[in-house]
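Worksheet: one structure, shown below.
The values are calculated or read from the model by the stated rules, or taken from the named source; none is laboratory data. Model, not experiment: these values are computed from the prediction. Cβ coordinates were reconstructed from backbone atoms using ideal geometry, including for glycine residues, and neighbour counts include every protein chain displayed.
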């Protein structure tokens, strides 16, 4: 039987991917509460999202929609964060942003209908968000400890995935602009091929940089101005093929020079206003080579 889930890496071709189209809940009247830069324009946001989905379809991915009502959960369009997908099923996380609590179980219900079993759940005071979790290879998961993911979350994750031989390595994230900002580990690095990563080096944890050097990764450095416009948030669609927000020409050119095929989408509403790039907007549930 063909697998319906799995892929403990960030770069194998995306075969099945879950998304959530923006609805009225996303068009918040109180953007400050959600730490958005402005109120999203819903119609424009939906057009942008539809265009992003079209790119996913064009590269051969099966696109699935998470459409369970999520009242007062504006961030629910960022389906990457509530769960971790492993080869043995989904781990439901526990969101560090309190306004997002409850997204985990809702997404878990959807995954079960798609044939993805729930492997485990974080409990107690554990915190972890998908944006802080980076598969460097199939048996190495890096976790960024900061305002959204804590040491207990990492401990529980290690306990869960160790049964299948996965090691979780934690690295500390910087304070940056404080607890309200959405600074994830994946805000600082995106792996786009087996030996290629996009990084914002001024904030990248030193132990992770050293590990990338040890593994002989080629690094594409994002300039300061394009870090602010989410140039570091790049979704690998397949090895050497990726998706990023338009308007980051230096990073895009550097990716192309490294041999990558680069797709772009307009993310003014769904990304820049609400701090969530293409990785955040998609939850790959099956990657296979």
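Is it the case that the range 100-115 has a residue that's assigned to a loop (DSSP other than H, G, I, E, B), touching a residue at least 40 places away in the same chain (Cβ under 8 Å) and more than 26 Å from residue 191 (Cα to Cα)?
Among the residues of the range 100-115, at least one is assigned to a loop (DSSP other than H, G, I, E, B), touching a residue at least 40 places away in the same chain (Cβ under 8 Å) and more than 26 Å from residue 191 (Cα to Cα), which makes the answer yes.
Is it the case that the range 55-73 has a residue that's under 27 Å from residue 178 (Cβ atoms), assigned to a loop (DSSP other than H, G, I, E, B) and without any contact (Cβ under 8 Å) to a residue 12 or more places away in the chain? Break it down into steps so the answer makes sense when it comes.
Step one: of the range 55-73, the residues under 27 Å from residue 178 (Cβ atoms) are 70, 72-73.
If we keep only those that are assigned to a loop (DSSP other than H, G, I, E, B) as well, we get 70, 72-73.
Remaining after also requiring without any contact (Cβ under 8 Å) to a residue 12 or more places away in the chain: none.
Among the residues of the range 55-73, not one is under 27 Å from residue 178 (Cβ atoms), assigned to a loop (DSSP other than H, G, I, E, B) and without any contact (Cβ under 8 Å) to a residue 12 or more places away in the chain, which makes the answer no.
Taking the criterion of being surrounded by 24 or more Cβ atoms within 10 Å (Cβ to Cβ) and assigned to a helix (DSSP H, G or I), would at least one residue in the range 132-147 satisfy it?
yes
In the list 226, 253, which residue meets the criterion of being surrounded by fewer than 18 Cβ atoms within 10 Å (Cβ to Cβ) and outside any strand (DSSP E or B)?
Among 226, 253, only 253 is surrounded by fewer than 18 Cβ atoms within 10 Å (Cβ to Cβ) and outside any strand (DSSP E or B).
Out of curiosity, is residue 24 without any contact (Cβ under 8 Å) to a residue 40 or more places away in the chain, touching a helix residue (DSSP H, G or I) at 6+ places or on another chain (Cβ under 7 Å) and over 14 Å from residue 280 (Cβ atoms)?
It is true that residue 24 is without any contact (Cβ under 8 Å) to a residue 40 or more places away in the chain, touching a helix residue (DSSP H, G or I) at 6+ places or on another chain (Cβ under 7 Å) and over 14 Å from residue 280 (Cβ atoms).
Has the range 28-36 got any residue that is surrounded by 12 or more Cβ atoms within 10 Å (Cβ to Cβ), on the phi > 0 side of the Ramachandran plot and touching a residue at least 12 places away in the same chain (Cβ under 8 Å)?
Checked against the condition, which is being surrounded by 12 or more Cβ atoms within 10 Å (Cβ to Cβ), on the phi > 0 side of the Ramachandran plot and touching a residue at least 12 places away in the same chain (Cβ under 8 Å), the range 28-36 yields at least one hit.
If I ask for residues that are over 23 Å from residue 45 (Cβ atoms) and part of a loop (DSSP other than H, G, I, E, B), which ones from the range 256-279 would you list?
The answer is 258, 259, 260.
Which members of the range 158-186 meet the condition of being surrounded by fewer than 16 Cβ atoms within 10 Å (Cβ to Cβ), part of a loop (DSSP other than H, G, I, E, B) and modelled with pLDDT under 95?
Once the filter is applied, which keeps residues that are surrounded by fewer than 16 Cβ atoms within 10 Å (Cβ to Cβ), part of a loop (DSSP other than H, G, I, E, B) and modelled with pLDDT under 95, the range 158-186 yields 176, 177, 178, 179, 180, 181.
Looking at (1) out of contact with any strand residue (DSSP E or B) (no Cβ under 7 Å at 6 or more places or on another chain); (2) surrounded by 15 or more Cβ atoms within 10 Å (Cβ to Cβ); (3) outside any loop (DSSP other than H, G, I, E, B), find the lone condition where residue 48 falls short.
Only one criterion is unmet by residue 48, namely (1).
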